[in-house]
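K.L.:
Below is the structure I would like to discuss, written out as structure tokens.
Laboratory data are not the source of any read-out in this text; all were calculated from the coordinates shown. Since the model is a prediction, treat every value here as computed from it, not as a measurement. Reconstructed Cβ throughout: ideal geometry from the backbone, glycine too, with neighbour counts over all protein chains shown.
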Amino acid sequence: MRFSSRNNYKSKEIPIQTREEAPTELQEFIIQTAYHLGLSPKPLRKIICRILRKSPDQNNWSEYPNIDTENHELLQSCEWFYVYDLIEELYQFFKGKERNQFQEDLNNFFRSNGIGWQLSDGEIKFRGDDEFEAIKEKTVKILDVKGKLTSKNEINEAIKDLSKKPDPDITGAIQHSLAALECVIREVTGDQKSTLGKLINDYPDVVPKPLDTVISKMWGYTSNMGRHIEEGNPPDFDEAELAVGISSNLISYLATKNFKDKETEFEW
């Protein structure tokens, strides 16, 4: 174990600045980490070429500097999302402690370099800021403990939509996050048929004011989203992240307050 890990030192996390690109520093870090964990340039080239659907340069025989240089050039010339495909492929290649170390090293790099992705169980997934990640994880945990699996699945689908590459499914993320909230409010009110808009109109006291107005506005926005897209004004990524974050906060509040059948302790 490294000095920093033994003593729980971590690089300061910086605000997210990068999503739809793979900086040169990340490309270099992937290659050097793969070498450090036991891959030599030639087998790494084989993996890269498979991801990029390229043929290795048969004129390159020596691992250093030729094949190593080729590996760098392949990543520098490819579209950004293939670099993240490579990360997932390398995760599957490594086993045991090397796999765990690879995931830890990549996630530390993402956090300390403002990259809005994380490697989780072999998949590159959307990463928000600290506050967003904390409430998302808390929401999923609460719903799991309380046995509200439909709402939990909807939140997970919202995160998957934000994680899609090269283009996130913005409308899908917003719709799934509101569907998760709708499921929980149906459980709280006992009204299993009404839409979210009707639920908050009929049961405004399900949340403290003015949160009922917030939910109503979110529902109205989602209902009109198709028209916004037709008019050439689709929602952007930040709006989707905001919708998922607000929904997650509301779900956490409602589930903790109303579902007493399965108890657990949560730190707020």
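K.L.:
If neighbour count is taken as other Cβ atoms inside 10 Å, put V206, V244, V214 in order from fewest to most.
P.N.:
On the way: V206 19, V244 27, V214 14.
With the fewest neighbours first, V206, V244, V214 line up as V214, V206, V244.
K.L.:
Relative contact order, percent, of the chain when contacts are C-alpha pairs under 8 Å separated by at least 6 residues? Walk me through the numbers before you get to the answer.
P.N.:
Numbers: 290 pairs, mean separation 46.9, N = 268.
Relative contact order, the chain: 17 percent.
K.L.:
Just the Cα atoms of segment 130-258, one point each, no solvent: what log10 I(q)/I(0) does Debye give at q = 0.19 Å⁻¹?
P.N.:
-1.05
K.L.:
Segment 49-125 to segment 12-38: how many Å between their Cα centroids?
P.N.:
Value for the Cα centre distance between the two parts: 9 Å.
K.L.:
May I ask for the net charge around F132, where only other residues with Cβ less than 14 Å from the Cβ of F132 are counted and Lys, Arg are +1 while Asp, Glu are -1?
P.N.:
Values: positive: R19, R111, K125, R127, K136, K138; negative: E13, D129, D130, E131, E133, E137, D238, E239, E241.
That works out to -3.
K.L.:
Each residue of segment 54-67 in order: what ³J(HN,Hα) in whole Hz does its phi give by Karplus 6.51 cos²θ - 1.76 cosθ + 1.60, θ = phi - 60°, with x for Gly and Pro?
P.N.:
So the Karplus estimates, Gly and Pro as x, are 10, 9, x, 6, 5, 7, 9, 9, 6, 5, 10, x, 5, 5 Hz.
K.L.:
Also, I was wondering about something else. Which residue, E25, E133, E157, has the most motion in a Gaussian network model of the chain that connects Cα atoms within less than 10 Å?
P.N.:
E25
K.L.:
Write down, largest first, the equivalent ellipsoid semi-axes of segment 3-126 in whole Å, where each equals the square root of 5 times an eigenvalue of the alpha-carbon gyration tensor.
P.N.:
Working: eigenvalues 125, 55, 34 Å².
The three semi-axes for segment 3-126 are 25, 17, 13 Å.
K.L.:
Arrange the following residues from fewest to most other Cβ atoms within 10 Å of their Cβ: H72, H36, H176. Before the final figure, lay out the partial values.
P.N.:
On the way: H72 16, H36 12, H176 25.
In increasing order of surrounding Cβ atoms, one gets H36, H72, H176.
K.L.:
Same structure again: Could you go through segment 148-158 in sequence order and give the Karplus-derived ³J(HN,Hα) for each residue, using 6.51 cos²θ - 1.76 cosθ + 1.60 with θ = phi - 60°, rounded to whole Hz, and x for Gly and Pro?
P.N.:
9, 6, 5, 5, 4, 5, 5, 5, 4, 5, 4
K.L.:
Looking at this model, which pairs from K148/K193; K125/K152; K125/K198 are more than 26 angstrom apart at the alpha-carbon?
P.N.:
K125/K198
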